[in-house]
Every structure is written in C-alpha cells, then in structure tokens.
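Take a look at the structure below.
The values are calculated or read from the model by the stated rules, or taken from the named source; none is laboratory data. Everything numeric in this text was worked out from a predicted model, so none of it was measured. Cβ atoms come from the backbone with ideal geometry, glycine included; neighbour counts cover every protein chain shown. Just the protein is used for accessible areas: all its heavy atoms, side chains included, with ligands, DNA and RNA removed. Shrake-Rupley method; radii C 1.70, N 1.55, O 1.52, S 1.80 Å.
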Amino acid sequence: MANKVKAIILTGNGTNCEMEMAHACKLAGADRYDIVHISELLFGEKRLSDYNFLNLPGGFLDGDDLGSAKAGANRFLHAPISGANEMLIEELLKFINAGGLILGVCNGFQLMVKLGLLPALSGNFTRQSATLTFNDSGRFEDRWVYLRANAQSPCVFTKELDTVYYPVRHGEGKFVPESNAILEQIERKNLTVFQYGNADGSVTMDYPANPNGSVRAIAGICNESGRLFGLMPHPEAFLHRTNHPRWTREDLPEEGQGLAIFKNAVAFIRGKEF
Amino acid sequence: MTNRIEVGFKKGIRDALGEKTKKRIADNLGLPVASVATVEVYTVAGELSAAELRQSAEGPLSDPVIQEYAINKPLAKNFDWLIEVGFRPGVTDNVGKTAREAITLLLGTSLGERKINVYTSRQYLISGPITKADAENIASGLLANDLIERHQVVGRAEFDFVNGMPAHIPQVTGRDEPQVAKINLTRLDAAALLKISQEKLLALNLEEMQAIAAHFADPAVVKARRKFGLDENTTDVELECLAQTWSEHCKHKIFNSRIDYFDGRTKKTINSLFKTYIKGSTAKIRKAKGRKDFCLSVFVDNAGVIKFNKEHNLVFKVETHNSPSALDPYGGALTGIVGVNRDPFGTGLGAKLIFNTDVFCFASPFHRKKLPPRILHPRRIYEGVREGVEHGGNKSGIPTVNGSIVFDERYLGKPLVYCGTAGIMPARLNGKPTHTKEIKPGDVIIMTGGRIGKDGIHGATFSSEELHEGSPVTAVQIGDPITQKKMTDFLLKARDRGLYRALTDNGAGGLSSSIGEMAAYSGGCEIDLSLAPLKYAGLQPWEILVSEAQERMSLAVDPKKVGKFLDLARKMGVEATVLGRFTKSGIFHVRYGEKTVACLDMDFLHDGVPQMKLSARWKAPKHAEPVFAAPANLGKALSQMLSRLNICSKESVVRQYDHEVQGGSVVKPLVGAQNDGPSDAGIVRPVLDSMEGVVVAHGICPRLSDIDAYHMTACAIDEAVRNAVAVGVDLDHLAGLDNFCWCDPVKSAKTPDGDYKLAQLVRSNMAIYDITTAYGVPCISGKDSMKNDYSIGKTKISVPPTLLYSVIGKIPDVRKAVTMDAKRPQDLVYVLGETRDELGGSEWFAQHNAVGNKVPQVDAKKAMRLYRALSQAIRAGLVASCHDCSDGGLAVALAETAFAGGLGLNVDLKDVPYRGKKRDDYILFSETASRFVVTVRPQDKTKFDKRMKGNVAREIGFVTGDGLMQVSGLSGKTIIQEKIGKLKEAWQKPLNF
C-alpha cells in the first residue's frame, strides 16, 4: 500500500511563506499539510516523527538580525523540547535518519545550510560547510530567474525537470562554500540541483540572470541521499499560471512550474518504504 | 564588566555592505574613497565568562564560513578612518535584542536574571585620501543620524591597535521615582494656559485649555474626584491624556470644525467637512446601492471593512508618517508601515494582512541648493524611507503591490510617507460577525507585544505641529517587524480560538488612546500603570500612558479566558500583561499601584473638545500662461519627458520590495515582455483556492492644487478609479480611502494665508463628495495630516495640498485581468476619452517651468459611462492591453505601452479625439483625465467598437514589430520616430540607483 504523505510546514519567529507552501503540498496531493508553529514542537504538542515531509518556508527568522537564519539555526541547535528530555535538533536528526524529506526554500534553505543539513557531506548533518551571504548587489531583490536543473543530481524533488522559472526574493542568497575542496565534492557528487541561467538554459554568472553572484551560479543543493533539498528561488510562488509575470502575454499551462517540486516529493514518499 | 565582540569578513570574502557604502559615499557626497569594510560590534554588558563569550561569538554571532571574530581586541587593520556608529540610549536596537535572545538559548541561562545586555554598533573602515572633515561628513551626513545614533571618527594615527575602541553602553540611566505632578488650571489666565500648552508640547489651543480648566473648576466634577483622592488640580497624567486624545492627529479638529466659506460669490457655513462631505457622500452612495451595498464598517474602527465574498471581508487603511520620516527617514518609514499594519489587524476581531501599498512624496534626490537647518538631504530621505518600508514590509511577510513616488521641491520641508495595508478576515467566526467590536464591563484589559519605553512620546501631538526647532527626538521610533510578526501570529491563533472579545492597536497616543477608545464600548475602565512592562526603569506614569512604543495591541478578554490567552502567549514567546478591566463607571480611571493618577469622565475625554470655528476664502489664483513654441524635435521632447522624475521608472525601488509573498500575485507592479513595464494597479488572490482577486490602485496629482484643489482631488479620484478599471476591476465593487496631507490651514501670524489654504481643503472635500457619489465609490476610511510645514528661522516651506486617493475592489475572476503592455504586432491602438488642451499643472508645462491655468476637469458622468463600457469589454476578453493616461499624457502612455511590450507602434495624431488649440505637443502631453490607451486584436475590432458605442473611443494606429514608435502629426508629417529601446533607456535611467 502506498504511504500516506504527511507534510508539516513549520512557521514562527518571522517565517512568512507557510500558507502558500501548505497550499503547494495540498495541490500536490499530500494527505496532510499541517502548518505548525515551532512552539508546538518545543512544547511537545506536535512531533516531527508524525510526519515524513518537512517544509521549511521562506521568511526572516528572528529578522535575520545576526545574518540570515543565524538566530533561527541557533534555536534549532539549542532549544530543548519541554517535558521530553530531548533537544529539538535530536528530533530533527531522528526525522532525517527515518528517511524523511526536507525542503527548505529561501530562509528555509539558509537555515538548512547554517545548521549543516546541506550539503552535509558524508552524512555530517550538524557541521556547517557552506553559507548563504549578502547578494553582490548589496540589496534585497524580487525578480524572476531561470534555473537549470542538474539531471545527474540525486535530488528526489527535481526528477524530470529541465529549465524552470521561479522568483527569487532575498538579500542574502549568494552561495559560498567553505573551501574549494567542499565545492569540488558538491560538484563531483552532483549535489548542485539548480543553477541560475538564461532563458535558453545556459548557466550564467551575469547579473541579473544570476541575481546574487553565487559561486558556480548555485541556486539550490541537496544532500547525498537527495532527500534534503534547499533552494533560494520560490517554487511555492508559482503554483498557478497567473503567478507568472508574463501570463497575460504568453500561452502557459494552467499549472505553475513550482508545483512539480512538491509533486515529486509526494510521489517519492508514496512509492518508498519507510 | 563590559566586553566587545567584533565580527568581520574573512579576507577574500566580498563585503557587500561595505561596497554599497562606498558607492553611496561617491554618489551622495562625491567623495571618492578607495574602499570601505564593515565590522559588526556586539557590546556585552554584564558578567559573561571568557568561555561564554567565545561560545557566543563562535555560535550565533558569526558565520564560520565567511566571518572571523575578535573579543576585546580590534579586527580593524588597514584603514585611514574608522567610523563607529551605535544607538543612543533608549533607541530600539533590534539586532541587540535578537543577539541577547540567541545567547540566552545558547547558554541555557537567563541573561535577564544575570542582568546581561547586548548593544550593537557598526564600524566602517574607510581607506582613501580624505580629510578628517570628510570623514566627519560621511559619518553625520550618511552613516549616522545624530538624532538617534552616536558616532565616533578615529584616524589611523590615533587608533589603539591593541585594545581597539573602548566599550560604550548606551543604557538609559534614568532612575526617577514615579511622581505625579499636579497643576491647578482653574485660576490661570489665557497667557499662562497657553504657556503650559507650549512648554509641555501639548499642542492644545487656548479654547481647549480653557475647556479643560473649566471642567476642573466644576464643583460637581471636583466632588466626584475627591472620592479618588483627587481635587480641582489636574494631574500630569490627565493633562497628557487629554492632549493626546484631543490632538489634531486623533480628533481631526479641523475636519470637524465649523467653517465659514466664501468663494467670492456665495457664502456657506459648513458644520464639519468630515460629516458633510466624507461621511455624507458614503451615506448617499450606500443608500443608492441599496441591497448591493458592500460596506460593513466605515469610519468607526481602525480601518474600513467591506465584503469580499460570502465567506470573507476585506479591510483597508492608509496612514501617513511624515513628521517622524523627516527626522529619521528609516525609523520613521519603518514605523509607518508596521504601524499601519496594526490598523487592519486591529479592526473588528482582527484581519490577516494581505498587502501593503506605499506612496512617497519627496524633493528631488538631485537637490543641489543649500539645506535649511534640521532638514536632511532628499536623497538621504529617499534612501532611508525606501529602506524602512523594505524592512517593514518584507520582514512582515506582506507583499508591497502598489505605490508611487511623487516629486516636488516643496516636499523638502516635510516628505510625505503614505503607507497602506489591507487585510482579510472570515466574515463570521464562532458564529459571530467579525467586523464589529463588543466589550463587556468586567472584561480584562491585556496589553500584548512589545514593551513600553520613552520612544514615541508625544508622537500624536508632535505630528499635529509643524517641524520646528524644538521638535522632540523621543517622537522618533524604530519599528521591530519581528516582534510584531510574532504578536500577530499569536493573536490570529487566539482569534480563531475565540480567546478574546476585542482588540485594538496602540498607535498614536499609546494606551491613553487604545484603552480610552475601547472603554467607550463598555462605558469605562480601570487600569494600573505600575503593571505595564517597561523596556527600562525610570518612566513616569504619564509617559507610560502616552508612550507610542511600537508593536503593541490592547485587548478585551473575557475573564474566563484570561488563563488560556496568557498561556498561549507564553508558549508562542509573546509578552502579554493584564493591566486592568473595563467597567461601566463612565470614568477613565488610571491608577499607579493603589493611587489614582487620573480620573476623567469618559464623556469629557471623548466629547469635551470644543469645536473650532474657522474661516475659508477662495480666490482662484492666476498663473502666467507660458509662451513657447512647439519644439521641432518632439522625439527628443518625449525622451526628456520620460526622464522626468514624476514619470520615469521606479523599478529600483519596486524590486527591493517583496511583491509576491503569500503566493497570490496576479498583476505585479512590473509587467511586460521584460518584466519592467509600469503596471496601473495591483491584483492579488488572497484565497489561494479561489480565482477571485483584490484590486488595489491609487491616484495623486498634487501639482494641480496650485490651480484648484477641487480639480486636484477630482483628478486624483478619477486616476485611482481609472487605474483599477484598466486592470479589470468590478466597478460595482470598488471602495476608496482619502488621505489628506495639507499645510496648516488655520489662519494665524505664522500662517497669514490660512483662510486660502482652508478654502483649498473645503474645495477638495467638495470634489470628494461630487466625484465619489458620481462614481459610486464610497470612502470607507481615511486620515488627515494637517501640519505639513517646516518653519525654522525665516524659512517656511509648506507642502502643496496633497490628496492620495486609494481604491480597493474586487475582480471576480483574475484570469480576465489585463496588463498595460502591447501584446503583439498588428493589434490596433485605440485612445479612449477625449483629449482637451488642459495643460495647467502638467508635466509638459513644468518642463517649461510653468503652471498655467487650464486644469484638467473630470466629467464624471461621461467618464463613468466609458469606464462601464471598458469594464465590459475587458470582461468579454476584447482588450489586449490597457494603460491609463496620466503624467505626461498620451505620448507617455503610448511609449510605455510600446516599450513594455517590446514592440513598436504607429499612430496618427489627426485621429485623436481632441478639443482645443491645435498643437501637436498639446495633444501629446495634455493631462486630460479619464483617458486610456488600449490595444485590441484586429479580429475583436467589431465587437470592441460595439461595446464602446456612445463613448469617445478612436482607433489611432497599430502595433508594429519593428521596435519604432512612430507618430504622425496634425500636418501629416512624422513628428516622432524613436527606437523603443532608447525611449525605455531614457525612462529607466534617472532613478536607477
């Protein structure tokens, strides 16, 4: 029998894309798509182990005051779950070990990278080995970008995707690996999932098609299992053709290109043993 | 013990903030510095061990991949000048607060109990051949606002490379015991009363002071007060409370005054502009709509409420935050946006916020003349305000979907910063309608959100005055969007669980306004100010009552639900404090501990303010008619027009606002082939399961008030409605908001022409009545800001009377929406509406340094007929593109339509329906109201023409694929032949920084 898809969309402390992310999970066919405030996890009222698809939406965790998602990552690492004799990070690691999927978008991606969940080389999920920092332009920008998907990537969220068009909305999206050795591993293992590109799919370092100056034009990466995936652009912002900036002048299918990410996640969970 | 943790970028890592600062130093100050690096400084006051400091620095405070840190020694190495900028005591330090919370979590101990605090500052390390005076100029002219920040400038030679900068703690040190001053007003003469009003920044006039004095002299009042240990003396708490409640800002005394108006022919007495024209027009429209009336709550709550569909209501409010933005553009604008967020949020039972709008009025950022004292350079205002709204909107997760920037030299004295927010609420919750408020005696008063500090004291009275020498610094606040977001997340949950009965926002006037207004529902209240959570010790009771510290809501909670309410707040990390209860005593009763510090009759507090009696005299101004020949090269003229500040692209600002969070974006601010054409209106889908959309647009044309504020207003309303029509709004489901920003219209020694300015206000109100009733677009809420003047020494600068009219409406199916960009070659180009030689107040005349007299006049009846026909054509799918003609007239609208679509067009001016002096430039640039440029597929022509029957709608040419804009003139010759790429470049260039 196919697995139930139980999506949790985490919110609180400045997260703000939870509604559309939950809507994406719903449209993709998830059986559950619960928006859960992080306090519900911290007070043991909800448990990650009741879910198999964790969504970390965009926003400004704690205002990104100490750098994007820094204070948010600090909370994940050091907040205890009251009455459970367990830390939140332990519950998160259990979730990963149980084979759960995690999708981090924008601030969610920043959170994953700063926690160490991505790229998490050799399965080390709590050591930060890359970062997302200020755009080269020094400013927040909202603009649509073309993304070239890596067909060789193990990412379970991007099966069959080629070039897609999503909006970015961030001030700190420049991907920087800790070292060339880390970058080399990311590339060798095909953990690069999306790169910024031109409309024809060719990868570019040129602004504004590459909106932030990311190293190797990296827009999104996954871990080695392909079950943990984070990206700066917002797939949940393109669920219907009327989200597209040129929908009044182009012939577009009714469904937005962002939904594919969530459909792939749902299909993967349905077809897998847990 | 005080420690400093410094965090900077590792070698080889780009310092984007440093780069940006370098560019701004070059652009704004003309100083070519070689490089700028930045260092973030966390000053930790209190006992933290060396190991704890290191853990903090390594953990939340720095990013190990790209940053390095140093504790109690400097990171600064290579620089010529070091500038360190930190906050002054008591100024909101959001980053410091977050750092403190993060360290608390990290160490697992309470920093509060250990009395540890974190303060932030930033170092700019500048290299380059600049003098100390230059460095000082960079510090005070760009990096620090001396009102709220302190800065130090240190040269390389003086710098202590071993220990670095000494630690500085901007702690509020006041430790005053709470005191209540009493003053006997009952026997003072006029001069003494006025002196008290001025010295205490009460902004009350003589009549109002006398009304207060008379009240406290009333033996019955004194007798009642004795029961609470008070007498005929007025306490400072009472006096401040009355001043806030009776302020122009809160009571709209000018709008409610009795005005004798004379227009040169007839005299008229108007008993309240607000009741006569604004409430009056809405009542008339609602009556005419009958069963189709969609208004639910107008003028009674923090925002207006209309129906969206059976299940949901829409809530909308637009506010201004002008005076604070003049002093601190960033903090003022940030507070403006997060402040207006709380209006729809605090309406009825509370609404989820779905979009922001913003309209700014500035002087030219390229201003070159000397600045009068206390005025910041308009470029600095522009950048500060932009950034404040960016942080306020983006961090709150609310898309900014509509706005504009208007330029006029007279906004030098005070910029206008309009911020609007809409929300959506379920029509019913737990069986009850959500748009009304109910409070029962016995309900518990709870304040939630941020704490109270000295910030924002006297905001309401301050904004009721002109900007002057003694304008208070404490009136400036810095908003904290994350504290507010946490609070709104919590309150929406509490709302849905039915944990409170009513809520309202703490804005102008603080607790005195919020609880004062709520107490009117039950008939009284009793609160204890000693229970209020403070940011720091040393606040006097009156300060606690009137502080406008941000991010706070006041609630009425059923006593049975207080436990659950407080429990949810605690879990979600939001502070909530019981302050007292609502009563039916008829008294606004304030205690500090056991002692009564204010005891005011509710009737007197709310209705005791005497009505002002003013006079208004209208005399139409006469401007010189400009004399200039039509230029030979109209292509060049068009290019220059496209580069005018009021016409050119605002893309660099728009892009820095998130305009699509929440996932319902349909028509964005930027549209077209390259996503860079100027949209007429915004559309969002607030309910993602539905194809129903909300349309938002606005109109603003302040230059026209140089000729007649009646027509300025009529044109602004017409522009707002026209913009909404252009994207496909349902005309029968459209409501408006009026926001007046006037210069002081009360005749006095300071304002000798007050009666003329008041006549402008009267005429503006008359236009609101005439045009909104003709269009059936009711005002549902609004606001006025009446003292937008600057007056220091001999310099007086008054803003041009400015009305912003915002509209919110519904589009039943967003898939029928239309955008302004030309869609494909061969489509036919139409102009809808007659063009007349109405160039008075136009951009074309302004380009020739003239105003003129022939102001555009709205023919509302004709316009409405056209709008209805166009709406039906759009709904029938017959319109490929539709763009409103406004600033710069037909020529600008045509050029924008063309280059937004990446296409050319070919039109003939002889076909343009036109009445007036026959000149090509007049037809091209006249700003006659109620016109559109529309493109139509050739196969839809017959159907479109049929729909337009009885209206002025003329085919004037066609869209081309050659990328050329070609216009042939009245003589038959080609008068414009320009590449659209070049036109677009001229349009994009001026504000692209």
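Summary table
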| quantity | calculated |
| --- | --- |
| Distant alpha-carbon pairs in the range B:2-158 (separation over 19 angstrom), percent | 55 percent |
| Nearest-20 debye value, chain B charge dipole, Cβ charges on Lys, Arg, Asp, Glu | 2300 debye |
| With every protein chain in place, the protein assembly as shown: carbon and sulfur % of accessible area (1.4 Å) | 50 percent |
| For the range A:6-271, share of DSSP beta bridges that run antiparallel, in % to the nearest 5 | 60 percent |
| Helix B:190-199 axis, angle to chain B major axis (alpha carbon atoms, nearest 10°) | 90 degrees |
| Highest-fluctuation residue, A:Glu20, A:Glu254, A:Glu178 considered, GNM on chain A with Cα pairs under 10 Å | A:Glu254 |
| Karplus-derived HN-Hα couplings along the range B:982-993 (A = 6.51, B = -1.76, C = 1.60, θ = phi - 60°), whole Hz, x at Gly and Pro | 6, 5, 5, 4, 4, 6, 8, 5, x, 10, 7, 9 |
| For the protein assembly as shown, share of DSSP beta bridges that run antiparallel, in % to the nearest 5 | 80 percent |
| Shielding by other protein chains, B:62-75, mean Cβ within 10 Å | 3 |
| Separation between Cα centres of the range B:798-822 and the range B:178-244, rounded to whole Å | 47 Å |
| Computed [θ] at 222 nm, deg cm²/dmol, the protein assembly as shown (DSSP H ≥ 4; -39,500 (n - 2.57); rounded to nearest 500) | -8500 deg cm²/dmol |
| Sparsely packed trypsin sites (Lys or Arg not before Pro) within the range B:619-710, loop by DSSP, other Cβ within 10 Å at most 12 | B:Lys619, B:Lys622 |
| Entries of B:Lys395/B:Lys560; B:Lys292/B:Lys862; A:Lys159/B:Lys485 with Cα pairs more than 30 Å apart | B:Lys395/B:Lys560; A:Lys159/B:Lys485 |
| Interchain or long-range residues, amide H under 5 Å from B:Arg552's placed H | B:Gly450, B:Asn506 |
| Cross-link table A:Lys94/A:Lys272; A:Lys6/B:Lys564; B:Lys251/B:Lys796, entries beyond 23 Å C-alpha to C-alpha | A:Lys6/B:Lys564; B:Lys251/B:Lys796 |
| Whole-Å distance, taken between Cα centres, linking the range B:941-978 and the range B:665-717 | 24 Å |
| Residues losing 10 Å² or more accessible surface upon assembly, the range A:118-136, compared with the chain by itself, 1.4 Å | A:Gln128, A:Thr131, A:Thr133, A:Phe134, A:Asp136 |
| Fluctuation leader among A:Val203, A:Val215, A:Val113 - chain A, Gaussian network, Cα springs under 10 angstrom | A:Val215 |
| Shielding by partners, peptide A:247-258 (average Cβ within 10 angstrom, other chains) | 3 |
| Positive-end residue of B:His215, B:His168, B:Gln67, charge dipole of chain B with Cβ unit charges | B:His215 |
| Rounded to 5, percent antiparallel among DSSP beta bridges of the range A:1-154 | 20 percent |
| Å² of accessible area per residue within chain B, as computed with a 1.4 Å probe and no ligands counted | 35 Å² |
| More than 63 angstrom apart: percent of Cα pairs within the protein assembly as shown | 8 percent |
| Dipole of the protein assembly as shown, positive direction: furthest Cα of B:Ile717, B:Ser121, B:Asn78, with charges on the beta-carbon | B:Ile717 |
| From phi via Karplus (6.51, -1.76, 1.60), per-residue ³J(HN,Hα) for the range B:738-744 in Hz, x at Gly/Pro | 9, 10, 8, 10, 10, 8, 3 |
| Dipole-positive endmost among B:Thr751, B:Pro778, B:Gly736 within the range B:715-781 (Cβ charges, Cα centre) | B:Thr751 |
| Cut-off under 5 Å, modelled amide H: who pairs with A:Ile35 long-range | A:Ile9 |
| Nearest-ten-degree value, helix B:236-245 long axis tilted from longest Cα axis of chain B | 10 degrees |
| Nonlocal amide H pairs with B:Ile975, under 5 Å, H built at 1.01 Å | B:Val967, B:Ser968, B:Gly969 |
| Point-charge dipole on Cβ atoms (K/R +1, D/E -1) for the range B:2-158, about Cα centre, debye to 20 | 160 debye |
| Separation of alpha-carbon centers, the range A:44-78 and the range B:14-61, rounded to whole Å | 26 Å |
| FRET E, pair B:Ser127, B:Lys794, Förster distance 60 Å, beta-carbon r, rounded to 0.05 | 0.90 |
| In Å², nearest 10: area of B:Val39 left accessible to a 1.4 Å probe | 10 Å² |
| Qualifying lysines (Cα of each under 27 Å from Cα of B:Lys989; at least 8 residues distant if same chain) | A:Lys174, B:Lys20, B:Lys22, B:Lys23, B:Lys369, B:Lys370, B:Lys414, B:Lys636, B:Lys650, B:Lys668, B:Lys823, B:Lys979 |
| Dipole magnitude (debye, nearest 20) for chain A, charges at Cβ of Lys, Arg, Asp, Glu | 380 debye |
| Those aspartates and glutamates that a straight Cα-Cα span of less than 16 Å connects to B:Lys437, excepting residues fewer than 8 apart in one chain | B:Asp301, B:Asp343, B:Asp496, B:Asp505, B:Glu517, B:Asp558 |
| Ranked by how many other beta carbons lie within 10 Å on average, peptides B:684-691, A:80-87, B:737-744 from highest | B:737-744, B:684-691, A:80-87 |
| Residues of the range A:6-271: accessible area per residue with a 1.4 Å probe, Å² | 31 Å² |
| Peptide B:7-18 - average C-beta neighbours from other chains (10 Å radius) | 3 |
| Listing of the range B:567-589 residues, each with accessible area lower by at least 10 Å² in the full protein assembly than in the chain alone (probe 1.4 Å) | B:Arg570, B:Lys571, B:Met572 |
| Highest to lowest packing among B:525-532, B:279-286, scored as the average C-beta count within 10 Å | B:525-532, B:279-286 |
| Any cysteine of chain A lacking a neighbouring Cys Cβ under 4.7 Å - listed by number | A:Cys17, A:Cys25, A:Cys106 |
| Vicinal HN-Hα couplings computed from phi for the range B:143-152 (Karplus, 6.51 cos²θ - 1.76 cosθ + 1.60; Hz; Gly/Pro x) | 8, 10, 9, 4, 5, 10, 10, 10, 9, 10 |
